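K.L.:
Please find one structure pasted underneath; my questions will follow.
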Amino acid sequence: MSINEQLERILNTPPLVSSPSLSRFLRYVVEETVAGRSGAIKEYTLGLNVFDRGEEFNPRLDPIVRVQARNLRSRLEKYYETQGVEDPIRIELPKGTYVPVFHYRTDETVSEIETHELHPENEPAPVALSASVMPAPPPRSPVDENRKGTPRFMLAALILAVVLVGIAAFLAGENQAQGAKARRDAGQMRAALMLPAHNAPAPVILRG
């Protein structure tokens, strides 16, 4: 069974057939993921493409996508507890994301699962007790890697260098001030020692 066949089976059961909006929600996220466009599944795009919100849609003000995602998770759980308990493929919508995950159930009676949507080369999927296929996350931008921030030790070294420069500047200013004061005092002392002789008091002469 393929993922699309599993999708159609779910959509034609009571938990989903009674809710056109949830059916459209599930169909959109599954088909986009199978087509390799899981990176474009965002709350904003779901509001526009699934719930017919306009371009002015603001997910912070309108919680329609989050509310319907909770409802869809509940319907899927109900389906797999009843009609889908023995289905070979389990479609799950994990909390915190709108990208579905596909779990494959295999046992002695199931030796191969057709997954041509995810394997274009038509190679058979490996048989295991259980397997999960999660869509590959979009590649990280190298710009984001370069924006992780300066290491703490480099920041500490920078702060220490600034402090040391400040201390050196302060000490240099103090030394200059003390040197100027010493030169000024020495000049005043030399001036006092070199007073003109006529400024000295005249000698007193005693006559008999």
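Derivation of every value follows stated rules applied to the coordinates shown; laboratory data play no part. In this text the structure is predicted, and so the values were computed from the model without any measurement. Cβ coordinates were reconstructed from backbone atoms using ideal geometry, including for glycine residues, and neighbour counts include every protein chain displayed.
K.L.:
I want to confirm something. Restricting to the stretch 41-74 and keeping residues that are exposed (fewer than 13 other Cβ atoms within 10 Å of the Cβ) and hydrophobic (A, V, I, L, M, F, W, C), which single residue is nearest to PRO15 (Cα to Cα)?
P.N.:
VAL67
K.L.:
Go through the stretch 1-40 and give me each residue that's surrounded by 13 or more Cβ atoms within 10 Å (Cβ to Cβ) and hydroxyl-bearing (Ser, Thr, Tyr).
P.N.:
Correct list: SER2, THR13, SER19, SER21, SER23, TYR28, THR33, SER38.
K.L.:
If you don't mind, there's one more thing I want to ask. Only residues that are assigned to a loop (DSSP other than H, G, I, E, B) and touching a residue at least 60 places away in the same chain (Cβ under 8 Å): list them for the stretch 1-17, please. Step through it out loud before you land on a result.
P.N.:
Step one: list which residues in the stretch 1-17 are assigned to a loop (DSSP other than H, G, I, E, B), which gives 1-2, 12-13.
If the condition is that a residue be assigned to a loop (DSSP other than H, G, I, E, B) and touching a residue at least 60 places away in the same chain (Cβ under 8 Å), then MET1, SER2, THR13 are the ones that fit.
K.L.:
May I ask you to say which residue of ARG24, ARG73, ARG53 is over 20 Å from ARG105 (Cβ atoms) and free of Cβ contacts under 8 Å to residues at least 24 places away in the same chain? Walk me through how you get there before you give the answer.
P.N.:
Numbers: ARG24 fails: free of Cβ contacts under 8 Å to residues at least 24 places away in the same chain; ARG73 fails: over 20 Å from ARG105 (Cβ atoms).
That would be ARG53, the only listed residue that is over 20 Å from ARG105 (Cβ atoms) and free of Cβ contacts under 8 Å to residues at least 24 places away in the same chain.
K.L.:
Moving on to the next point. Restricting to the stretch 77-104, count the residues that are farther than 22 Å from ARG37 by Cα and either within 24 Å of the chain's Cα centre (by Cα) or surrounded by 15 or more Cβ atoms within 10 Å (Cβ to Cβ) (or both). If you could, list the steps in order and put the result at the bottom.
P.N.:
Of the residues in the stretch 77-104, the ones farther than 22 Å from ARG37 by Cα are 77-88.
Subset that is either within 24 Å of the chain's Cα centre (by Cα) or surrounded by 15 or more Cβ atoms within 10 Å (Cβ to Cβ) (or both): 78-80, 83-84, 87-88.
Going through the stretch 77-104 one residue at a time, the tally reaches 7.
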